Amino acid sequence: MMSLSVRRTLAAITVLGAGLAVASASVAASADQEQEQKPRPVRAGVVGSAEFVLPYHQDKDVRSFTFDARAAPYSRPLPGIPGGLPTDARGRVKVSHYSAERDITYTSEGRVDCLVTGVRTATLTAVITEVSPGGPPNVGKRVGFSVYDGGDGKGRSKDRVGFSWNGVNLLPKGTTPPEEAPVGTCMAPAPYAPVTKGGYVVTHAELPSPPPSPKGSTEPAGSSPK
């Protein structure tokens, strides 16, 4: 027969175990709640579709850009930069140009490779992957865009766009006619063309620091070797 002292000891152990279990569950629940409440890092982006006009050339053509670009920092390895860059990005762009003279719409699409933002502003580049029949032979070419997110206007958008062709990215060469210069990543002129229909939303985020270095390395993951 179990003595009274033994029974009291077992009861005390049972109560202590139950208390520890409740405390552990409370700590786990608190940790889960903190994890849920912790804000996720904001990633830069540009989305939207809009028509615009050229301030220096009046015609009846209809031009529009559609953007769906999101930052993907340190995701595109380059020779000498195996960790990629803070401006790496993913997404698509679509260019549409209706020619009133020819009564035809030309389109092209591209893959976003770079994005950098400021407050209400962004520049991005994309490599053209598709061009509709009759369009310019731009497949494989990098083009640049800029966006100003002016917010909602009264009866008219205050947004603006810019792009790296139509005479804004020339390379003068002495007395010979200038040629269009190559476009580097994230390179684009200021957003000079007023939007007339539609609009864009720019989500700004600071360029993030490189991720931690792999084990055994003394260089940040996004840095180039010395």
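The values are calculated or read from the model by the stated rules, or taken from the named source; none is laboratory data. Computed from a predicted model, the values in this text were never measured in an experiment. As a convention, Cβ positions derive from the backbone with ideal geometry for all residues, glycine included, and neighbour counts pool all protein chains shown. Surface areas here come from the heavy atoms of the whole protein model, side chains and all, with no ligands, DNA or RNA. Shrake-Rupley method; radii C 1.70, N 1.55, O 1.52, S 1.80 Å.
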Subject >> Inter-label distance for Trp165 and Arg120, nm, one decimal - labels placed 7 Å from Cα along Cα-to-Cβ >> reply: 3.0 nm
Subject >> Environment charge at Ala69 (Cβ cut-off 9 Å; Lys +1, Arg +1, Asp -1, Glu -1) >> reply: +2
Original post:
Can you list the residues of the range 86-102 with backbone N under 18 Å from a point 7 Å past the Cα of Ser132, pointing along Cα to Cβ?
Top reply: 93-102
Original post:
Tell me, what is the percent relative contact order of the range 108-196, built from C-alpha pairs under 8 Å that lie six or more residues apart?
Top reply: 28 percent
Subject >> Arg90 accessible area, assembled protein chains, probe 1.4 Å, Å² >> reply: 130 Å²
**OP:** Sum up the charges of everything whose Cβ sits under 13 Å from the Cβ of Arg90, counting Lys and Arg as +1 and Asp and Glu as -1, but leave Arg90 out.
**Re:** +2
Original post:
What's the FRET efficiency of Leu207 with Lys94 using the Cβ-Cβ distance as r and R₀ = 25 Å, to the nearest 0.05?
Top reply: 0.45
Original post:
FRET efficiency for Ile81 and Glu180, Cβ-Cβ distance as r, R0 = 25 Å, nearest 0.05?
Top reply: 0.40
Original post:
Over the heavy atoms of Ser64, what accessible area does a 1.4 Å probe trace out, to the nearest 10 Å²?
Top reply: 20 Å²
